[in-house]
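Engineer: Below you will find the structure I want to go over with you.
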Amino acid sequence: MIVVTGATGQLGRLVVRDLLEKVPAERIVAAVRSPEKAGEFAAVGVDVRRADYDDPASLESAFAGAEKILLISGSEVGRRIAQHTATVEAAARSGARLLAYTSVLHADTTPLVLAPEHKATEDVIRGAGIPYTFLRNGWYTEVYADTITQAARTGSFIGSANAGRVASATRQDYAEAAVAVLTGEGHENKAYELSGDHAWSFPELAAEIATAAGRPVNYHNLSPERHRATLLEAGLPEPVADLLVGIDAGVSAGLLAATPGELRTLIGRPTTPLAETVRELLGGPDR
Ligand SMILES: NC(=O)c1ccc[n+]([C@@H]2O[C@H](COP(=O)([O-])OP(=O)(O)OC[C@H]3O[C@@H](n4cnc5c(N)ncnc54)[C@H](OP(=O)(O)O)[C@@H]3O)[C@@H](O)[C@H]2O)c1
C-alpha cells in the first residue's frame, strides 16, 4: 500500500491522480482529515482513510499495512512540529519501508522564514529509524496566482524582493517527483533539492504577465518596512504581512534561487516554464 496524507489538498490531489496512472487503485490509500472531501478517490476504488495530524489514533489506523507513506506537510503554521512528530511516530510504528516528506529547499541550512518547522520535522524523521526521502520542495509557481491575476488587471504589483530570483515549479512538477519516489526504488535516506529549471526575478515575472495579458505590467520594489505597511493598509493580518515580507527577504537573499536540476532529473522532463503557468492562470494561450 502507498499512503498519501493531505490527499485532499492541492498537491495531494495531484499526487493521488498521478499515482492512479501507475499503480492499481486498491494499492493506494488517501489519508485525509475530512474523508467526505475525498469522493473523487473513493469513486475509483482508492481506500480513503481518516488521518488527522492532531489525532494519533487516526494516524495509526490510516497507516496500517503501509509500504510507503508520503507525509505532505500540514498547513497550520506554528502547529506543525507536534503534528508532524505524531505522524512520523505512527509511520515508524506501522513498519512501512519508506517515509517521504515534503520539506523545503535546503531545510537543514536555510535561514528562510517557514524553514524551522521543516528542519525540526526532518530531525524527528532521522531519529525515528524509518528509511526516509526528503522532498525539499522550492516554491510553487502557483503561490503567485493572486499576484499574477491582480497584476494582469491593475498593471502592477509590489514586493520587497529586489532583484532576487525564484526557481519555482508547478505543483504538478512536484507531485510527479513525489510519485517517482513512491513508485521507484533506491530513494532511501536521500534529500532531493527540488526546484524549477529557471530562476526568475520579479521584473521578469512582470514581463511574463505583460506578455500574457497584453498590457504593460510593472513591478514596484519597496523597502521591507514600506511593503509591510502597504500590506497592513490593505487589510492583511499582521502575521500574514510579516510572513510575506519575510519570504521576499528570503527571495532577495537568493534562498529560493537554487537550480540544481534535481526536480528535472526525478520527473524525467524539464520543469514547467513560468510563461506557461502565467498563461494558464490568465485563462489560456488565446487570451
Ligand atoms: N513550496 C511552496 O511553495 C508551498 C506553498 C504552500 C504550501 N506549501 C506546503 O506544502 C503543503 C501542500 O501544499 P498544498 O498547496 O497542497 O496546500 P493545501 O492545499 O493547503 O493542502 C494542505 C493539506 O494539508 C492537510 N492538513 C492540514 N492540516 C491537517 C491536519 N491537522 N491533519 C491532516 N491533514 C491536514 C489539508 O487537509 P484538508 O484538505 O482537510 O484541509 C490539506 O489536504 C502545505 O500544507 C504546506 O506545508 C508549500
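Read the figures in this text as sums done on the coordinates, not as results from a lab. In this text, all values refer to a predicted model and were calculated from it rather than measured experimentally. Here the Cβ positions follow ideal geometry from the backbone for every residue, glycine too, while neighbour counts run over all protein chains shown.
Engineer: Go ahead and set up a Gaussian network model of the chain, Cα springs under 10 Å, then flag whichever of G186, G246, G268 fluctuates most.
Structural biologist: Residue with maximal mean-square fluctuation among G186, G246, G268: G186.
Engineer: Oh, and also: Given a cut-off of under 8 Å on Cα pairs at least six residues apart, what relative contact order in percent is computed for the chain?
Structural biologist: Over the chain, the number comes to 18 percent.
Engineer: In percent, how large is the relative contact order of segment 1-121, given Cα pairs closer than 8 Å and 6 or more residues apart?
Structural biologist: Result for segment 1-121 is 23 percent.
Engineer: Per residue of the chain, what 222 nm ellipticity follows from adding -39500 (n - 2.57) for every DSSP H run with n ≥ 4, rounded to the nearest 500?
Structural biologist: Helix-only estimate at 222 nm: -13000 deg cm²/dmol.
Engineer: A further question follows. I'd like the FRET efficiency for D55 and R153, computed as 1/(1 + (r/R0)^6) with the beta carbon distance as r and R0 of 45 Å, rounded to 0.05.
Structural biologist: The formula returns an efficiency of 0.60 here.
Engineer: Moving on to the next point. Compute the long axis of helix 202-213 from its Cα atoms, compare it with the longest principal axis of the Cα atoms of the chain, and write down the angle in degrees, 0 to 90, nearest 10.
Structural biologist: Tilt relative to the chain: about 90 degrees.
Engineer: What's the magnitude of the charge dipole for segment 116-243 around its Cα centre, counting Lys and Arg as +1 and Asp and Glu as -1 at the beta-carbon? Answer in Debye, nearest 20.
Structural biologist: Its charge dipole is roughly 280 debye.
Engineer: With a/c under 1.5 counting as rounded, go ahead and sort segment 2-137 into rounded, prolate or oblate using the C-alpha gyration tensor (a ≥ b ≥ c being the square roots of the eigenvalues; past the cut-off, prolate if a/b is larger than b/c, else oblate).
Structural biologist: Note, shape of segment 2-137 comes out prolate.
Engineer: Taking 0.36 nm per residue of separation and subtracting the Cα-Cα distance, what length does fully extending N218 through T109 add?
Structural biologist: Length gained between N218 and T109: 35.9 nm.
Engineer: Let me ask something else about it. Past 25 Å, Cα to Cα, is the threshold; run K22/K119; K22/K190; K37/K190 against it and keep the listed order.
Structural biologist: In this structure, K22/K119; K37/K190 exceed 25 Å between Cα atoms.
Engineer: Now, a different point. Report the extension gain between A43 and A145 in nm, rounded to one decimal, defined as 0.36 nm multiplied by the number of residues separating them, less their alpha carbon distance.
Structural biologist: Here the answer is 33.7 nm.
Engineer: Nearest 20 debye, what's the magnitude of the dipole of the chain about its Cα centre given +1 on Lys and Arg Cβ and -1 on Asp and Glu Cβ?
Structural biologist: The dipole of the chain has a size of about 200 debye.
Engineer: Here's a follow-up. Once you place label points 7 Å from the Cα toward the Cβ at L236 and T211, how far apart are they in nm?
Structural biologist: 2.7 nm
Engineer: Using only alpha carbons, build the gyration tensor for the chain and give me the equivalent ellipsoid semi-axes, biggest first, whole Å.
Structural biologist: 34, 21, 18
Engineer: Still on this structure, please answer the following. Any chance you could give the angle, 0 to 90 degrees and rounded to 10, that helix 171-183 forms with the longest Cα principal axis of the chain?
Structural biologist: 20 degrees
Engineer: Charges at C-beta only: +1 for Lys and Arg, -1 for Asp and Glu. How large is the resulting dipole of segment 2-137 about its Cα centre, in Debye rounded to 20?
Structural biologist: Once rounded to the nearest 20, the dipole reads 200 debye.
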